[in-house]
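Notes for the one structure printed next.
Taken together, the values in this text are just the output of simple stated rules run on the coordinates, not laboratory data. Because the structure is predicted, anything quoted here is derived from the model rather than measured. Backbone-built Cβ (ideal geometry, glycine too); neighbour counts: all protein chains shown.
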Amino acid sequence: MIDKKFAEHFAHDWIDSWNCHDLDRILSHYSDEFEMSSPVIIQVVGEPSGTLKGKDAVRAYWAKALTLIPDLHFDLITTLVGVNSITLYYKGARGLSAEVFHFGPDQKVVRAYAHYAP
């Protein structure tokens, strides 16, 4: 079960990592073989499934995305806590966004799903 203290720390560190554009710090939240799904993956890297697996694939995607949006900034709206997951609701470059993070036993993200307002 994820507790409030862990969720708040994760949320603030994750948002700050993105706002600093620190790719290594961003990736430190994830397991080596995590899976990321996002409709933006289709647009940025042309992967029709919208899913990437592993830090190397996601690093390349996020590095490219950061160059495409050099002034990227996220504003956290709220953090929602599940059993083994956290959802961050925030305002970003695409407007209102939510990301769902599923955690493994080591408290690293094993799967993440990004959602954007139409």
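Here are the numbers for the structure shown:
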{"item": "Dimensionless Rg/Rh of segment 4-116 - Kirkwood Rh, Rg from C-alpha atoms", "result": "0.92"}
{"item": "For the chain: relative contact order, % (alpha-carbon pairs under 8 angstrom, 6 or more apart)", "result": "27"}
{"item": "³J(HN,Hα) computed for each position of segment 48-58 - Karplus, 6.51 cos²θ - 1.76 cosθ + 1.60, integer Hz, glycine/proline x", "result": "x, 6, x, 10, 10, 10, x, 4, 4, 5, 6"}
{"item": "Between segment 39-118 and segment 1-21, the Cα center-to-center distance that results, in Å", "result": "13"}
{"item": "For segment 64-80, 3J(HN,Hα) per residue [Karplus equation, 6.51 cos²θ - 1.76 cosθ + 1.60, θ = phi - 60°, Hz, x = Gly/Pro]", "result": "5, 4, 5, 6, 6, 10, x, 9, 3, 8, 10, 10, 5, 9, 7, 10, 10"}
{"item": "Under 15 Å, Cβ to Cβ, from ASP106 - net charge with Lys/Arg +1 and Asp/Glu -1", "result": "+1"}
{"item": "Derived scalar couplings ³J(HN,Hα) [segment 104-118; Karplus, 6.51 cos²θ - 1.76 cosθ + 1.60; whole Hz; x for Gly, Pro]", "result": "x, x, 8, 6, 9, 5, 9, 8, 9, 10, 9, 9, 10, 5, x"}
{"item": "Given charges at Cβ of Lys, Arg, Asp, Glu: the chain dipole, positive-most of LEU88, PRO48, PRO70", "result": "PRO48"}
